[in-house]
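Data block below; observations after.
Read-outs throughout are calculated quantities, based only on the coordinates presented, and are distinct from any laboratory measurement. These numbers come from a predicted model, not from an experiment. Here the Cβ positions follow ideal geometry from the backbone for every residue, glycine too, while neighbour counts run over all protein chains shown.
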Amino acid sequence: MKIYTKGGDKGKTSLLGGDRVEKSHMRIHAYGTIDELNSYVGLVSDQEINQKRVAFLRSIQNTLFTIGSHLAASPKYNTSNLPQINLEKVNQLEQAIDLMEQELPELRTFLLPGGNQSVSFCHLSRCVCRRAERLIIELNDVEPVDPLIIAYLNRLYVLSRKMGKELGVEEIPWKGNS
């Protein structure tokens, strides 16, 4: 199989199910941003501080790939043959968040990203996640999206604070008008 097909040379691409859409279609933006997020999660998992969390982060990456496959499907396509997003995935994230938050001080202000390169990579990942969430909600206004996909993305990311604490990085509070 060749890596190029020339099928997209005129600005269109195929969804699962065969429908052709413009490469600028909001569905393409949504799953493309999930792909970008998946790459950033991979970068975060490669940080030395996350050696003990690699399995957890790989699980997130696998779930993101599943989300991407659902978003890459035509609304008419039967996705029952695809891996499914289920409530257990959302619950796993919630449990991980609860464990991380037990070890963190209460957050009383917004934080400025930074303080350590590994933490900054995690903040970049958080921002891409939020963009993906916005795009998927926008898509959902036009074509239905599984609500568990939106819930899953809404849970992702307390990790930057946990990593910062483990690295001894001082959180940088936002000070408004300073």
Report task. Only loop residues by DSSP count here, and only those with at most 10 other Cβ atoms within 10 Å; note down the GluC sites (Glu not before Pro) in the range 139-175 that meet that. Result -> Glu170
Report summary line: Taking 105-117, 153-165 and ranking on average Cβ neighbours within 10 Å, highest first, one gets 153-165, 105-117
Query raised in the report: Amide H to amide H, which residues 5 or more places from Lys12 or on other chains are under 5 Å from it, using H placed in the peptide plane?
Result: Lys23
Query raised in the report: So what is the relative contact order of the range 18-170, in percent, for Cα pairs below 8 Å that sit 6 or more residues apart?
Result: 34 percent
Requested in this report: May I ask for the distance between the Cα centers of the range 43-72 and the range 113-178, given as a whole number of Å?
Outcome: 14 Å
Query raised in the report: What pairs from Lys89/Lys162; Lys52/Lys175; Lys2/Lys23; Lys10/Lys89 go past 32 Å between their alpha carbons?
Result: Lys52/Lys175; Lys10/Lys89
Query raised in the report: How far, in degrees from 0 to 90, does helix 117-140 lean away from the longest principal axis of the Cα atoms of the chain, to the nearest 10?
Result: 40 degrees
Query raised in the report: If contacts are Cα pairs under 8 angstrom and at least 6 residues apart, what is the relative contact order of the range 1-99 in percent?
Result: 27 percent
Report task. Starting from the Cα-Cα distance between Arg20 and Ala151, subtract it from 0.36 nm times their residue separation and give me the gain in nm to one decimal. Result -> 44.3 nm
Report summary line: Around Ser59 (Cβ within 15 Å, Cβ-to-Cβ, excluding Ser59; K/R +1, D/E -1) the net charge comes to +3
Query raised in the report: Cβ under 14 Å from Arg131's Cβ, Arg131 left aside: what net charge do those residues give with Lys, Arg +1 and Asp, Glu -1?
Result: -1
Report summary line: Given backbone amide H placed at 1.01 Å from N, residues whose amide H is under 5 Å from that of Ile172, ignoring those fewer than 5 places away on the same chain, are Leu112
Query - Two-site label geometry, Phe65 and Asn78: point separation in nm, points 7 Å out along Cα→Cβ - result: 2.5 nm
